[in-house]
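Peer 1: Supplied in structure tokens, the structure appears directly below.
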Amino acid sequence: MPDRERRDAELERKTAESRMEFLLSLRRRGIRDLKVLRALEQVPREIFVEAAQGELAYADHALPIDCGQTISQPYVVAAMTEALEIMPQHKVLEIGTGSGYQAAILGLLAKSVVTIERYRTLADLASARLLVLGLKNVSVRVGDGALGAPDDAPFDRVCITAAATEVPEAVLQQLAPGGRLIAPLGPEGAVQSLTLIEQGGARKDLMAVRFVPLVPGVAQSL
């Protein structure tokens, strides 16, 4: 076997082992929803990280991506997704596309997903990755996440992947009756609380997290 084929085979073996350990670790930490676990198993996280970070794709911590942003740690992605209790008939809004990894997970569980990203570079990269995976029910848009997607509202579920002191009122207004929204709430640069909000106002704090800030507007240069 040529050296390159041997290296590729070894990398594939290590990736498979990392993916299996990753799934086992999620179970150990309390993720129980089989649909969520199945979606996390199906989505190859390694294609959503930079090539130099490939061996760390399944490590349980955030990783840097383009435009000074991050891809969230796998456990947080799993916990947010599980808390939303997504059903096959649901319309989902995601604010903060980033790498596109969370959008891919949502796309496997929901009827449709609209995901908004303020950086065109990230939106284009995410679109290409989602196309490779054949997820035609996920629509990636460049826009101001603080405004949501009023033309497609209401949404059964909303997933916000950037931190704010409070959920933007425009986004709350787009939550359907009986809907659920999850977001990291708290001050920029400090520990935030991952908060589950039900349409009507009920709130539950789930865990302490650190996310990049939700910045209004569309990025002009990237």
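Peer 1: If you scan the range 172-185, which residues turn out to be touching a strand residue (DSSP E or B) at 6+ places or on another chain (Cβ under 6 Å) and either modelled with pLDDT under 95 or under 14 Å from Asp152 (Cβ atoms) (or both)?
Peer 2: Taking the range 172-185 as the starting set, the residues that turn out to be touching a strand residue (DSSP E or B) at 6+ places or on another chain (Cβ under 6 Å) are 174-176, 179-185.
Listed by number, the residues that qualify are Gln174, Leu175, Ala176, Gly179.
Peer 1: Looking at the range 202-220, can you tell me whether even one residue there is in a loop (DSSP other than H, G, I, E, B), farther than 20 Å from Ile86 by Cβ, in contact (Cβ under 8 Å) with a residue 60 or more places away in the chain and touching a Phe, Trp or Tyr at 6+ places or on another chain (Cβ under 7 Å)?
Peer 2: yes
Peer 1: Can you tell me which of (1) closer than 23 Å to Ala78 by Cα; (2) in contact with a Pro (Cβ under 6 Å, 6 or more places away or on another chain); (3) touching a residue at least 60 places away in the same chain (Cβ under 8 Å) is the one Ala163 doesn't meet?
Peer 2: Only one criterion is unmet by Ala163, namely (3).
Peer 1: Can you tell me how many residues within the range 150-176 are assigned to a helix (DSSP H, G or I) and surrounded by fewer than 22 Cβ atoms within 10 Å (Cβ to Cβ)?
Peer 2: Our first condition is that a residue be assigned to a helix (DSSP H, G or I); within the range 150-176, this holds for 150-152, 169-172.
Checking which are surrounded by fewer than 22 Cβ atoms within 10 Å (Cβ to Cβ) leaves us with 150-152, 169-170, 172.
Final tally of qualifying residues: 6.
Peer 1: Can you say whether Ile197 is part of a strand (DSSP E or B), in contact with a helix residue (DSSP H, G or I) (Cβ under 6 Å, 6 or more places away or on another chain) and β-branched (Val, Ile, Thr), as far as the supplied structure shows?
Peer 2: Numbers: part of a strand (DSSP E or B): yes; in contact with a helix residue (DSSP H, G or I) (Cβ under 6 Å, 6 or more places away or on another chain): no; β-branched (Val, Ile, Thr): yes.
Against the criterion (part of a strand (DSSP E or B), in contact with a helix residue (DSSP H, G or I) (Cβ under 6 Å, 6 or more places away or on another chain) and β-branched (Val, Ile, Thr)), Ile197 does not qualify.
Peer 1: Across the range 62-80, which residue is surrounded by the most Cβ atoms within 10 Å (Cβ to Cβ) among those that are in a helix (DSSP H, G or I) and more than 12 Å from the chain's Cα centre (by Cα)?
Peer 2: Our first condition is that a residue be in a helix (DSSP H, G or I); within the range 62-80, this holds for 66-68, 74-80.
Next cut, more than 12 Å from the chain's Cα centre (by Cα) only: 66-68.
On the way: Asp66: 13, Cys67: 17, Gly68: 9.
The qualifying residue surrounded by the most Cβ atoms within 10 Å (Cβ to Cβ) is Cys67.
Peer 1: Those residues that are among the hydrophobic types (A, V, I, L, M, F, W, C), over 19 Å from Leu63 (Cα atoms) and in contact with a strand residue (DSSP E or B) (Cβ under 8 Å, 6 or more places away or on another chain), I need them from the range 110-129; list them, please. Outline the logic, then answer.
Peer 2: Let us first name the residues in the range 110-129 that are among the hydrophobic types (A, V, I, L, M, F, W, C), namely 110, 113-114, 116, 122-123, 125-126, 128.
Remaining after also requiring over 19 Å from Leu63 (Cα atoms): 110, 113-114, 116, 128.
The answer is Ala110, Val113, Val114, Ile116.
Peer 1: Still on this structure: From Gly107, Gly179, which residue is of a type outside the set (A, V, I, L, M, F, W, C), crowded, with 20+ Cβ neighbours inside 10 Å and in a helix (DSSP H, G or I)? Spell out the reasoning first.
Peer 2: Working: Gly179 fails: in a helix (DSSP H, G or I).
Among Gly107, Gly179, only Gly107 is of a type outside the set (A, V, I, L, M, F, W, C), crowded, with 20+ Cβ neighbours inside 10 Å and in a helix (DSSP H, G or I).
Peer 1: Pairs only if they're at least six apart or on different chains, beta carbon under 6 angstrom, first in the range 47-71 and within 13 Å of Phe22 (Cβ to Cβ), second among the acidic types (Asp, Glu); list them, first residue then second.
Peer 2: Correct list of pairs: Ala57/Glu46.
Peer 1: Does the range 79-97 contain any residue that is without any contact (Cβ under 8 Å) to a residue 12 or more places away in the chain and in contact with a strand residue (DSSP E or B) (Cβ under 9 Å, 6 or more places away or on another chain)? Talk me through it step by step, then tell me what you get.
Peer 2: Looking only at the range 79-97, we keep the residues that are without any contact (Cβ under 8 Å) to a residue 12 or more places away in the chain, and these are none.
There is no residue in the range 79-97 that is without any contact (Cβ under 8 Å) to a residue 12 or more places away in the chain and in contact with a strand residue (DSSP E or B) (Cβ under 9 Å, 6 or more places away or on another chain).
Peer 1: Let me ask another. Within the range 132-154, how many residues are touching a strand residue (DSSP E or B) at 6+ places or on another chain (Cβ under 7 Å) and either polar (S, T, N, Q) or closer than 24 Å to Glu46 by Cβ (or both)?
Peer 2: Let us first name the residues in the range 132-154 that are touching a strand residue (DSSP E or B) at 6+ places or on another chain (Cβ under 7 Å), namely 137-143, 145, 148-149, 152, 154.
Now narrow it down to the ones that are either polar (S, T, N, Q) or closer than 24 Å to Glu46 by Cβ (or both): 137-140.
Qualifying residue count for the region: 4.
Peer 1: Here is a follow-up. Just checking, does the range 81-92 include any residue being more than 28 Å from Asp144 (Cα to Cα) and either surrounded by fewer than 12 Cβ atoms within 10 Å (Cβ to Cβ) or modelled with pLDDT under 95 (or both)? Reasoning before the result, please.
Peer 2: Step one: of the range 81-92, the residues more than 28 Å from Asp144 (Cα to Cα) are none.
Looking through the range 81-92, none of the residues is more than 28 Å from Asp144 (Cα to Cα) and either surrounded by fewer than 12 Cβ atoms within 10 Å (Cβ to Cβ) or modelled with pLDDT under 95 (or both).
Peer 1: Looking at this structure, is Arg129 at pLDDT 95 or above, of a type in the set (Lys, Arg) and under 15 Å from the mean Cα position of the chain (by Cα)? Write out each step before concluding.
Peer 2: Details: at pLDDT 95 or above: yes; of a type in the set (Lys, Arg): yes; under 15 Å from the mean Cα position of the chain (by Cα): yes.
For Arg129, the condition - at pLDDT 95 or above, of a type in the set (Lys, Arg) and under 15 Å from the mean Cα position of the chain (by Cα) - is met.
Peer 1: Based on what the data block shows, is Gln53 under 23 Å from Ser127 (Cα atoms) and either of a type in the set (A, V, I, L, M, F, W, C) or modelled with pLDDT of 85 or more (or both)?
Peer 2: Working: under 23 Å from Ser127 (Cα atoms): yes; either of a type in the set (A, V, I, L, M, F, W, C) or modelled with pLDDT of 85 or more (or both): no.
The answer is no for Gln53.
The values are calculated or read from the model by the stated rules, or taken from the named source; none is laboratory data. Fair warning: this is a prediction, and the values are worked out from it, not measured in the lab. All Cβ positions, even for glycine, are placed from backbone atoms using ideal geometry, and neighbour counts span all protein chains on display.
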